[in-house]
Amino acid sequence: MQRRSVFTLVTILLSLTILEGVFCGIALLIPVEWYAKPPTRAAFHDYFQSAIDWEVGWRPEPDELAAAGYRLAPAGTQFATPCVSLYGDSFTFGSEVGTAEAWGNVLTELLGCRVDNYGVSGYGTDQAYLYFRRQHQQGIDTAPVVIFSYLSENIVRNITQNFGFIYYAPALALKPRFVYEADEQIRLVPMPRLQPADYDAYVRDPGAFLQAEYLLPGSSRLAKRHLGFPYLWSVPTLLTYQRIAAALQSYLFDVPPWFAALYDLAHPSQALQVTHGLLQQFTHTAQRYEKHALIFVLPTARDMLYFHQQQRWSYAPLLSLLHAHGIQALNLGPLLLARAPHDALCAYFCTNATTRSGHFTVLGNRILAEVARDILQQKGLVLMPRD
């Protein structure tokens, strides 16, 4: 009896060891952006040697920008002053396409006046708003019309203080954020002021430094999971991360984008309230500087695919909330879809056709520029630069 028990125990331990080895091997194949991985000590220290912008987080490489901070655009070099300025993230900047093909440059060609593109890759609505405010406080942006582009996925970025908790960042990618207060106002939480000596304490407990962080690893379905021993447990647990789960389910079922739950007013993150507050502040700030302000709400490729299947936009609650408070926000989803055939959406809106994700392609950037031109013309806001 005792011998049988020992044999059973050894068999179980051997089986678990083999399974642990198998799952460890699987873990080696998992892309690093799928799980939470703290920065190495060297990467952590390198971050503090980089060009940190302690107000907004980061800026594009200087060789990509004009002296005033907007993206270099060949079509605009002949104009002395701008007629339109753009703010937003990488979808505004025109990531993964060349300078000439970015929609800001194409819009310059279509309008015959200079469009200054202040979009920055990776920005949340909070960072884009703070950058917009700074450019106007310093009198740098002189365009009479300002377009603030909001990507549906930005709502996730608005509840984090570390870009790396959503996307892959080898070091740190700290950022400011806003929180929603009991008086129904939003309050700025500046960037955390870490020091190189904080490495061990940060890796041990990032929440001690990021006290307004909603996406601490493992804290909710929207947060990344840790990957490590025991791999038999941690590898399957990755599937509980909503971003991975939604991506896999989308190949078989009609599922909303992974961040759709954040558009619920009852969500504990208060992401919708924060995002609404930011877009409201943008509008009020633009009015204070006597600018014509437009908010463009952009869908991701997954948003468009889901709309085709279910006839619903994941971000519809934000549009309703903005309109209820007198804030004009334009849903560009239907306008973009009207110009692209359904069976070729990724030719326009997915730089990664395999995962149906990524940025707008060259074709998509041109469509976006054409839609923007039409809106500006319809509203009578196409103003030639004043020399």
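Side notes on the structure shown:
- Considering 342, 359, 323, the condition of being of a type outside the set (A, V, I, L, M) and touching a residue at least 40 places away in the same chain (Cβ under 8 Å) is satisfied by 359 alone.
- Given (1) closer than 18 Å to residue 90 by Cα; (2) in contact with a Leu (Cβ under 9 Å, 6 or more places away or on another chain); (3) at pLDDT 95 or above, number of the condition residue 356 does not satisfy: (3)
- Taken over the stretch 157-205, the residue count meeting the criterion of being more than 26 Å from residue 263 (Cα to Cα) and either of a type in the set (A, V, I, L, M) or more than 18 Å from the chain's Cα centre (by Cα) (or both) is 16.
- Checking residue 373 against (1) in contact with a strand residue (DSSP E or B) (Cβ under 9 Å, 6 or more places away or on another chain); (2) in contact (Cβ under 8 Å) with a residue 60 or more places away in the chain, the condition it does not meet: (1)
- Helices (runs of 4 or more DSSP H) completely within the stretch 101-183 that count 3 or more residues being under 26 Å from residue 312 (Cβ atoms) and assigned by TED's automatic domain parsing to the domain that holds residue 46: 154-157
- Taking the criterion of being of a type in the set (Val, Ile, Thr), in contact with a Pro (Cβ under 9 Å, 6 or more places away or on another chain) and at pLDDT below 90, the only residue of the stretch 18-75 that qualifies is 32.
- Residue under evaluation residue 139, criteria (1) within 22 Å of residue 257 (Cα to Cα); (2) free of Cβ contacts under 8 Å to residues at least 24 places away in the same chain, criterion not met: (1)
- Inspection of the stretch 371-386 finds a residue satisfying the criterion of being buried (at least 16 other Cβ atoms within 10 Å of the Cβ), closer than 21 Å to residue 73 by Cβ and not aliphatic (A, V, I, L, M).
- Residue in the stretch 377-387 that is part of a helix (DSSP H, G or I), under 30 Å from residue 250 (Cβ atoms) and more than 20 Å from the chain's Cα centre (by Cα) present: no
- Residues that are among the aliphatic types (A, V, I, L, M) and within 25 Å of the chain's Cα centre (by Cα) number at least 1 in the following helices (runs of 4 or more DSSP H) confined to the stretch 1-94: 41-47.
- Filter result for residue 178 (without any contact (Cβ under 8 Å) to a residue 24 or more places away in the chain, touching a Leu at 6+ places or on another chain (Cβ under 8 Å) and among the hydrophobic types (A, V, I, L, M, F, W, C)): no
The values are calculated or read from the model by the stated rules, or taken from the named source; none is laboratory data. Computed from a prediction, not measured in an experiment: that's the story for all the values here. Cβ sites come from the backbone with ideal geometry, for glycine too, and all protein chains shown count toward neighbours.
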